[in-house]
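The values are calculated or read from the model by the stated rules, or taken from the named source; none is laboratory data. Just so it is clear, the model here is predicted, and its values are computed rather than measured. FYI the Cβ positions are ideal-geometry reconstructions off the backbone, even for glycines, and counts take in every protein chain you see. For accessibility, only protein heavy atoms count, side chains too; no ligands or nucleic acids. Shrake-Rupley method; radii C 1.70, N 1.55, O 1.52, S 1.80 Å.
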Amino acid sequence: MALTPVHPASCVSEGICGPTRLGDVSPSSSIGPEIDPLARANPLALQRTYRGSCRRGREFCYYDEGLVGSGFDEMAFESVVWEWPERRGLEHLRLWTLPEGIKADGLVVADTERQVIRFRYSISLHPDWRLSRCGVFDGTSHRAVRLAVDQHGQWSVDQQPRPDLEGCAAFDILDSPLPKSAILRRLDLRDGASEEIKVAQIDNRQMRVMPVVQEWRRLTASREHGRRYGCLMKNERLEIDFDERVLVQLCQYRWRLASAGHLTGTD
């Protein structure tokens, strides 16, 4: 059974350590933040997580992609890739639609003028795309942030209450287009309509969460079957094209949809 590291270690990315087999590590029912702060936030890291050591003696965690024989690894998922048109960058998203909600797992790598962005996110959404929890792990600093909201609308960050996020109706990640889909599904704007929404935004560059007010306006569609929206936040205005599935197609200087299709875990 193949195991996948919850977060990449330099020795793994350099190819020094090969695939780890189940017999090489011992099961652990509880993985604490001192090992990997994102392990608990990752919806894929459920039920069975393993602790192991690489050939350099560095300890890190693995999760079983098969999710303890649940058949999750054989389920169909949508594979989506966005490019960063003006920079060298990619985002790869795996999206599962399940009866209990939406599961998303993504990797973002981009070379900006000021810094290299490299982070993973793992998101659990309700069937109506409301947030349950989201974990972001920065692959450069090895820092993590976990955002969650309960059934009463109480927000927490790293399991600590955040009263300043009260009134947030959605969440966002600074350098990912995926949360914009959840925001627009909630707003459901008609042509020409606009609305302000307060969101809990994860700044993946600073690894912090702040309340941000965004103003969204539905504009004239730029192409057949498409939707165009304007978003104003923090003195920055974006124009974003969405497809019929409410996935970002194009945002100038930010993202361009490169490919999307359904796969299975065995593909």
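Given R₀ = 25 Å, FRET efficiency for SER79-GLU239 by Cβ-Cβ distance, to 0.05?
Working: r = 26 Å, r/R0 = 1.05.
Calculated value: 0.45.
Rounding to the nearest 20 debye, state how big the charge dipole of segment 123-267 is about its Cα centre with +1 on each Lys and Arg Cβ and -1 on each Asp and Glu Cβ. Mind dumping the intermediate values first?
On the way: 22 positive and 21 negative charges, 30 e Å.
About 140 debye.
Could you give the size of the charge dipole of segment 156-241 about its Cα centre, using +1 on the Cβ of each K and R and -1 on the Cβ of each D and E, expressed in debye and rounded to the nearest 20?
Details: 15 positive and 15 negative charges, 35 e Å.
Using Cβ point charges on Lys, Arg, Asp and Glu, segment 156-241 gives about 160 debye.
Between GLY192, MET210, LEU107, whose Cα lies farthest towards the positive end of the dipole of segment 96-210 when Lys and Arg beta carbons carry +1 and Asp and Glu beta carbons carry -1, centred on the Cα centre?
In segment 96-210, that residue is LEU107.
Work through the residues other than GLN206 whose Cβ is under 10 Å from its Cβ and net out their charges, Lys, Arg +1 and Asp, Glu -1. It would help to have the intermediate numbers written out before the result.
Working: positive: ARG143, ARG205, ARG208; negative: ASP138, ASP203.
So the surrounding residues net to +1.
Check which residues have an amide H placed less than 5 Å from THR112's amide H, if you skip close sequence neighbours.
Counting only residues 5 or more places away or on other chains, the set is ILE117.
Take ASP172, ASP138, ASP111, ASP191 and sort them by solvent-accessible surface of the protein heavy atoms, 1.4 Å probe, largest at the top.
I get ASP191, ASP111, ASP138, ASP172, largest accessible area first.
How many times 2.2 N^0.38 Å is the alpha carbon radius of gyration of segment 84-161?
Values: Rg = 14.5 Å, N = 78, 2.2 N^0.38 = 11.5 Å.
Its radius of gyration relative to the 2.2 N^0.38 Å reference: 1.26.
Express the carbon and sulfur contribution to the solvent-accessible surface of segment 110-221 as a percent, rounded to the nearest whole number, probe 1.4 angstrom. Each step should come with its number before you reach the end.
Numbers: 2270 of 5510 Å².
Here it works out to 41 percent.
Can you compute the modelled spin-label distance between THR140 and TYR253, with each label point 7 Å from Cα toward Cβ, in nm?
So the label points at THR140 and TYR253 sit 1.9 nm apart.
Relative to the Cα centre, what is the charge dipole magnitude of segment 81-147, using +1 at the beta carbon of each Lys and Arg, -1 at the beta carbon of each Asp and Glu, and rounding to the nearest 20 debye?
260
In the neighborhood of GLN115, defined by Cβ-to-Cβ distances under 15 Å, what is the net charge if each Lys or Arg adds +1 and each Asp or Glu adds -1? Could the numbers behind the result be given before it?
Numbers: positive: ARG87, ARG88, ARG114, ARG118, ARG143, ARG205; negative: ASP111, GLU113, ASP138, ASP175, ASP203.
So the environment of GLN115 carries a net charge of +1.
Given labels modelled 7 Å from the Cα in the Cβ direction, how far is it in nm from ASP150 to VAL109?
3.9
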